[in-house]
Ligand code: URA
Ligand code: SF4
């Protein structure tokens, strides 16, 4: 049995796996283990070489779909993951359809690990809390300085610029080694902030000046700074968003397992909030009244027929005043279980023609989409098409009605409709077309040109991807620019479609070399 120590990273597994295949090692003749678990053993290279029993596979190949899934699975804490991934990779050499066989024991095991990681990611996104370091305490509190011998470039890599910035630090203990998967979410959310997340396995720092994530060694909980400033801030924030009308401590307990409570300063003010609950309800109702929102018009049960019936009467913001009608989404109507509707496209708002006809994407922007659908062999009918804002916003210039971008407050007001449609359709993947849709689902600071085409994990769907709006293609300054924008759109749509139809697809995943 050949024993191989993997530095616990996907890249290290990948390069060992490539060598093992090239040498002809059968999965049953190798044992891939975490180097950290047995770090006092000699490295694989020092072990007596074992004799490969299989034929060498000189040019190992695999699919991008497998590599993506393997990269996720590699973050699982189970010591069995490296052997599992090697076994699947080995079997893929002769059975390219293996990933589609969901009942296969190896594939089922990989899927289960992926699900556990997905859950861990959602919890991490929800429960990480940053604390602010005092500017004058930064030198002492910089956790990396306290650990001489660790690489100096992990934090404060942009030097003085960053030192002058406020620095936020969080400590968190995920179940799995998911920090590299989780970090992009925080980079989106807290893009302007300089922050560090410490976990026992590794740490990551976001440099907002150079817009870079830097990974470093893990740190024990005690190394997180003891500064309370952010905790106070967070307490008052949580006090203001806390919803006393829905007070249900049992549910809270089940949503916030006790093991996460150590990171949640709000736990200490729960008793105060509970006693103040009644008097806060009336204050809260007043606050809500002041903000435009579709929420009072959205039915409590989120099914497409109910949504379509209620939408026309929405007065959630002022946009209904001038438009002809609210335009709901269109697409196949799902039953209670997840259906073949796996991809949802979210545009900005209806345009002139959509406003007249009451249907999304039936004007010039829709024709760009149709062209991309045709080139990618996607049937428009199999996709759910909708918009972030349901009423057309325009200024009248003579006979023309000129499109205007919706404001963030209008996007936010209309989001309950989009949320209701997402609940009803339960798409596997959502593709946001343009900045307004991306702002609705990914937050106001989302940077489209920087981050289009990335698979983002969110609570809305397995993946949310953002791309440019088809009308950007129409507005391009010249033909070449238009072509380039169109190819962003088409490629991002292709990625969204591929992710949405998943391993069960009839479309052959692209074969890449390992
Ligand atoms: N642009 C959009 O974003 N949505 C439409 O429905 C039409 C044009
Ligand atoms: Fe309601 Fe949205 Fe129309 Fe505003 S834009 S009135 S929130 S449907």
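The values are calculated or read from the model by the stated rules, or taken from the named source; none is laboratory data. Note that the coordinates shown come from a computational prediction; the quantities given were computed from them, not determined experimentally. Virtual Cβ from ideal backbone geometry, glycine too; neighbours counted across all protein chains shown.
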Looking at (1) under 21 Å from residue 494 (Cα atoms); (2) without any contact (Cβ under 8 Å) to a residue 60 or more places away in the chain; (3) within 12 Å of ligand 1 (Cβ to nearest atom); (4) assigned to a helix (DSSP H, G or I), find the lone condition where residue 385 falls short.
-> (4)
Residue list for the stretch 189-208, filter: modelled with pLDDT of 80 or more and outside any loop (DSSP other than H, G, I, E, B) = 194, 195, 196, 197, 198, 202, 203, 204, 205, 206, 207
Residue check, residue 441 closer than 28 Å to residue 68 by Cα, under 12 Å from the mean Cα position of the chain (by Cα) and within 16 Å of ligand 2 (Cβ to nearest atom) = yes
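Select, from 466, 481, the only residue that is within 15 Å of residue 348 (Cα to Cα) and either under 15 Å from the mean Cα position of the chain (by Cα) or surrounded by fewer than 19 Cβ atoms within 10 Å (Cβ to Cβ) (or both). Break it down stepwise before answering.
Values: 481 fails: within 15 Å of residue 348 (Cα to Cα).
Result: 466 is the single residue among 466, 481 that is within 15 Å of residue 348 (Cα to Cα) and either under 15 Å from the mean Cα position of the chain (by Cα) or surrounded by fewer than 19 Cβ atoms within 10 Å (Cβ to Cβ) (or both).
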Checked 456, 489 against criteria (over 27 Å from residue 315 (Cα atoms) and at pLDDT 95 or above); the one match is 489
In the stretch 315-326, how many residues are near ligand 2 (Cβ under 9 Å from one of its atoms) and either in contact (Cβ under 8 Å) with a residue 24 or more places away in the chain or in contact with a strand residue (DSSP E or B) (Cβ under 8 Å, 6 or more places away or on another chain) (or both)?
-> 7
Residue pairs meeting the criteria (Cβ under 6 Å; at least 6 apart or on separate chains; first under 10 Å from residue 424 (Cα atoms), in the stretch 293-306; second away from ligand 1 (no atom under 16 Å from the Cβ) and part of a helix (DSSP H, G or I)) = 302/420; 302/423; 302/424; 303/424; 304/424
Quick check: anything in the stretch 341-364 in a loop (DSSP other than H, G, I, E, B) and either at pLDDT below 95 or not assigned by TED's automatic domain parsing to the domain that holds residue 487 (or both)?
-> yes
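Working carefully through the options 456, 441, find the one that is closer than 28 Å to residue 114 by Cβ, away from ligand 1 (no atom under 16 Å from the Cβ) and either assigned by TED's automatic domain parsing to the domain that holds residue 211 or touching a helix residue (DSSP H, G or I) at 6+ places or on another chain (Cβ under 9 Å) (or both).
Working: 441 fails: away from ligand 1 (no atom under 16 Å from the Cβ).
Within the list 456, 441, the selection yields 456.
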In the stretch 412-433, residue nearest to residue 468 (Cα to Cα) [restricted to those that are within 16 Å of ligand 1 (Cβ to nearest atom) and crowded, with 24+ Cβ neighbours inside 10 Å] = 433
